[in-house]
Every structure is written in C-alpha cells, then in structure tokens.
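The values are calculated or read from the model by the stated rules, or taken from the named source; none is laboratory data. Because the structure is a prediction, the values reported are computed rather than measured. Heads up, the Cβs are rebuilt from the backbone with ideal geometry, glycines too, and the neighbour counts pull from every protein chain shown. Accessible surface areas use protein heavy atoms only, side chains included; no ligands, DNA or RNA. Shrake-Rupley method; radii C 1.70, N 1.55, O 1.52, S 1.80 Å.
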Amino acid sequence: MAGLSFTVAIDGPAAAGKGTIARAVAAHFGFAHLDTGLLYRAVGAKGGDPVAVARGLTAADLERDDLRSLAAGQAASRVAVNPEVRAALIAFQRAFARQPGGAVLDGRDIGTVICPEADVKLYVTASPEVRAHRRWLEVGGDEAVVLAEVRERDARDMGRADAPLRAAADAVVIDTSEMSIDAAVAAAVKAVQARR
Ligand code: CDP
C-alpha cells in the first residue's frame, strides 16, 4: 500500500484566521502544513514577469521576511488572477497535499481546485470589519485603510475568473467573527476528527 495521505483543505478570505487554524490543526494531528498564500506573495514580491517567476520559484523565495506586509498581500492578489501563474503552482501544491503522513493546505482554492478530493474541507470566514481589525492589530497604521485593503482584496479574490474564492459545496464553514482562536481551533479539530 502506498503511504497513507490525508489532506485537509482550508480556504477563506484574508485575515479570517485560516493560517492560525491550519497551523494548529497540523500540530494537533502531526500533519505537514503549507501556507499557499506564501507562494503568491513570493511571486508578487519578486517582481518581473510573474509567470516566469512562478515557474522558477525556489525555497529561498519563500523565506523573504517582507512577505507578510500589506503590500506583498496586494501584489499577491494581483498576480493570483493570472491563470498561467496559478497553473505553474499547481503541481507543487498537489504533491505537498499527497505526501504520506497527512497535510494541511490553506489558501483560496484548495478545496475547489487544488484538492477537490480532500478528506476534509474547511471554509474559515469572518466579517470584513472583524478581519480588518485583526489585521490592523498585526500591522498597525490606519484601521480604515486596512479595512479598505481587505475589501479590495476580497473583491479581487472572489471576482476573478480563474479559481475564485468560494466555499466548496462540501466544506464545513467556520465563521470566526465572534469566536476566540481556541474555539475556532477546537471546531476545526473536531471537523477533522470526524472524518479520520
Ligand atoms: O494571509 P492572508 O489571508 O491575508 O493572505 P494569503 O493567504 O497570504 O494570500 C495572499 C493572496 O494570494 C490572496 O489575496 C490571494 O489573491 C492569493 N492566493 C490565491 O489566489 N490562492 C491561494 N491558494 C492562496 C493565496
């Protein structure tokens, strides 16, 4: 028998808490974790022809320390509308998802496009105001600007033609607007446990 793979797909809009939940689920079950947003952030941050950059992405590109900035997030969502950029990143994500021992991937299109056969799909969301407030606590600055940035990125991610952000039909939806991190993590762990 081939090594047992078990894939958890976690999607949702910016700052909904999916990264925190993905890391906690991976740690709880001993699965590997891939933050797929980092791939798009790295492509956007590098500049130049995004398709060529996506095709030649290296591990070092993922280790830049400026990938978490608002600017890198905007650059990511701009290159992420390009179908050739997305296509160049598919094989790496699918190989990661199928590794023996289990994997958690978080992003926008994991349950819908990258891993439609995932064992568990979670859609983690929260109101734009709550998400902007959380992001503002991390990055500071003007909260109204952060809210505008969140709305702009939502519109671009949900409105694009290729792999738009949406919940898969079979996803468990976790709305974290009025949930503590611990409660959201507990809900996610429970959903994964139910399918193991
Ligand atoms: O951490 P945050 O939710 O703010 O962003 P992220 O997950 O790092 O993603 C940054 C941007 O990359 C998103 O706004 C999407 O446009 C894009 N992205 C995508 O298109 N598909 C993914 N699987 C992950 C990210």
- Task: Consider only pairs whose beta carbons are under 6 Å apart and that are at least six residues apart or on different chains; among these, list those whose first residue lies in the range 155-181 and is closer than 17 Å to Ile114 by Cα and whose second residue is within 13 Å of the ligand (Cβ to nearest atom) and open to solvent by 70 Å² or more (accessible area, probe 1.4 Å).
- Result: Asp162/Pro83; Pro164/Met158; Leu165/Met158
- Query: If you go through the range 118-155, how many residues are more than 10 Å from the ligand (Cβ to nearest atom) and within 19 Å of Ala26 (Cβ to Cβ)?
  - Reply: 6
- Query: So which residues in the range 128-161 are open to solvent by less than 50 Å² (accessible area, probe 1.4 Å) and among the aliphatic types (A, V, I, L, M), if there are any at all?
  - Reply: Val130, Ala132, Val146, Leu147, Val150
- Query: Counting residues that are modelled with pLDDT of 95 or more and closer than 16 Å to Ala22 by Cα, which helices (runs of 4 or more DSSP H) fully inside the range 114-196 reach at least 1?
  - Reply: 181-193
- Task: Have a look at Gly47, Gly37, Gly101, Gly30 and point out the one that is in contact with a Leu (Cβ under 9 Å, 6 or more places away or on another chain), on the phi > 0 side of the Ramachandran plot and not aromatic (Phe, Trp, Tyr).
- Result: Gly101
- Please enumerate the residues belonging to the range 112-127 that are touching a Lys or Arg at 6+ places or on another chain (Cβ under 9 Å) and either surrounded by 19 or more Cβ atoms within 10 Å (Cβ to Cβ) or at positive phi (or both). Thr112, Ile114, Cys115, Val120, Leu122, Tyr123, Val124, Thr125, Ala126
- Would you point out which residue out of Asp49, Asp66, Asp61, Asp106 is of a type in the set (D, E, K, R) and in contact with a strand residue (DSSP E or B) (Cβ under 6 Å, 6 or more places away or on another chain)? Asp106
- Going by the structure shown, is Leu39 surrounded by fewer than 23 Cβ atoms within 10 Å (Cβ to Cβ) and either modelled with pLDDT of 95 or more or under 30 Å from Glu129 (Cβ atoms) (or both)? no
- Query: Residue check: is Arg86 in contact with a helix residue (DSSP H, G or I) (Cβ under 7 Å, 6 or more places away or on another chain) and more than 24 Å from Ala183 (Cβ to Cβ)?
  - Reply: no
- Item | Filter result (part of a helix (DSSP H, G or I) and among the aliphatic types (A, V, I, L, M)) within the range 91-111 | Ala91, Ala95, Ala97, Ile110
- Item | Residue count for the range 66-111, restricted to those that are closer than 27 Å to Ala132 by Cβ, within 12 Å of the ligand (Cβ to nearest atom) and open to solvent by 30 Å² or more (accessible area, probe 1.4 Å) | 8
